[in-house]
1. Report ³J(HN,Hα) in whole Hz for each residue of the range B:67-80, in order, from the Karplus equation J = 6.51 cos²θ - 1.76 cosθ + 1.60 where θ = phi - 60°; Gly and Pro get x.
2. Find, among the residues of chain A, the one whose Cβ sits nearest the axis of the rotation taking A to B; state the distance in whole Å.
3. Quick check on the range B:104-151: what does the Kirkwood estimate of hydrodynamic radius come out to from the alpha carbon pairs, in Å?
4. Quick one: buried accessible area between A and B, total over both chains, 1.4 angstrom probe, nearest 100 Å²?
5. Measuring label to label, 7 Å along Cα→Cβ, what does B:THR44 give against each other copy in nm, shortest first?
6. What residues qualify as long-range amide H neighbours of B:SER31, i.e. H under 5 Å apart, gap of 5 or more or another chain, H built at 1.01 Å from N?
7. Provide the three semi-axes, in whole Å and in decreasing order, of the ellipsoid equivalent to the range B:52-93 as defined by the square roots of 5 times the Cα gyration tensor eigenvalues.
8. When the Debye formula is applied to the Cα atoms of the range B:68-143, each taken as the same point scatterer, what base-10 log of I(q)/I(0) results at q = 0.14, 0.15, 0.17, 0.20 Å⁻¹?
There are 2 protein chains.
Amino acid sequence: MDHLAGDIDARGTEPDGFEGTRPDCRGPVASFGIGELAAEFGLTHRTIRHYEEEGLLAPARSGTVRVYDHRDHARLALICRGKRLGFSLAEIKEFLNLYDSDDAQVEQMRYMRGIARRRISALEQQLADVQQTLGELYRIDTQISEHLGRNGITETQDMEEKHS
Amino acid sequence: MDHLAGDIDARGTEPDGFEGTRPDCRGPVASFGIGELAAEFGLTHRTIRHYEEEGLLAPARSGTVRVYDHRDHARLALICRGKRLGFSLAEIKEFLNLYDSDDAQVEQMRYMRGIARRRISALEQQLADVQQTLGELYRIDTQISEHLGRNGITETQDMEEKHS
DNA sequence: CCTTACGTTTACGTAAACGTCAAGGAAGGG
DNA sequence: CCCTTCCTTGACGTTTACGTAAACGTAAGG
């Protein structure tokens, strides 16, 4: 928890209020406003602030305004993926700590390896579930299409031919 | 919806109150009580009743007592998998209708093929997510293990060697 | 007959993950 | 100066997916 907020004021936040769209920033983009992130990830401002309330994000502040850097951007991407995978915010929070752990002590690392392995088990189960369900859905789709085709119905659009 | 409840009283529910554990039932097991299902799937009674309230299950009744057959059992398995995949009960309900649709009309089938295809898209995305996340977690686990090993720490247990 | 196990309905409670106002600050443009 | 745009902090509302408590029925076993 602590090391997330540890370097918040140690980064070179430009003193002027003009970030993210400037053409001479080295690297892709240096910082983002909440609106940019919201648009990019398809979230609302409220949602992003909620993640901060829950301790998943800790953006810098320029005065009162939130300023997100590439690290926050990466974290948010992980949060979104975690959500798509059906994890709770609390689980995602644990999960995130796996990524920014350089300074970890031995016990801490053992602990986190435990978390990682449990999550691996869950995801392996989920992988099997997804594959099985996809297989069944492909069959259903094919069956329906055949049934419709047999009766001389015009097709609307075709699925990609992945389910061969 | 209707065809789910259509044959509720048409099945051979034994007149005596002794089902499921009798040795001469043809097939694996003919019917289950709510407790058996709960234990088997790791759910509470409340949860199973809740699924019924939401229209995901429609077990037969022996008097007031719920009696589940192999069909209900299969549906419940699908419900659990859907839940592990992060779908809402409403989505799972739609999903279930894909499975017991023999009597479907053409428009109905088109509609359901649409549902199936949307779900396929979602699951394909999810499959990619799971695989990517698993890959990253394998790397994290390996890194931590190496780090611990380098410092001469005794290992606790090893993961299966899938992440080779 | 009493207990125990298992089941029932009804109804209110709750945790998570936001949505939705309300009310306002700060910056830039016309 | 005003307007618009983007952002802020509360704070209460909502949906989903059950939990939980109350009060009761039924059937087997001692």
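The values are calculated or read from the model by the stated rules, or taken from the named source; none is laboratory data. Keep in mind the model is a prediction, meaning the values are calculated, not measured. So basically every Cβ, Gly included, is an ideal-geometry build from the backbone, and we count neighbours across all protein chains shown. SASA here: full protein model, heavy atoms, side chains in, ligands and nucleic acids out. Shrake-Rupley method; radii C 1.70, N 1.55, O 1.52, S 1.80 Å.
1. Using θ = phi - 60°, the values come out as 10, 9, 9, 5, 5, 4, 4, 5, 4, 5, 4, 5, 4, 4 Hz.
2. Per the Cβ-to-axis criterion, the result reads A:GLY86, 1.
3. Details: mean 1/r = 0.0733 Å⁻¹.
About 13.6 Å, per the Kirkwood formula over Cα pairs.
4. Values: alone 11820 and 11870 Å², together 19190 Å².
Rounded to the nearest hundred, the buried surface is 4500 Å².
5. 3.0
6. Residues meeting the amide H criterion: B:GLY20.
7. Numbers: eigenvalues 95, 24, 7 Å².
Those come to 22, 11, 6 Å.
8. -0.60, -0.66, -0.78, -0.94
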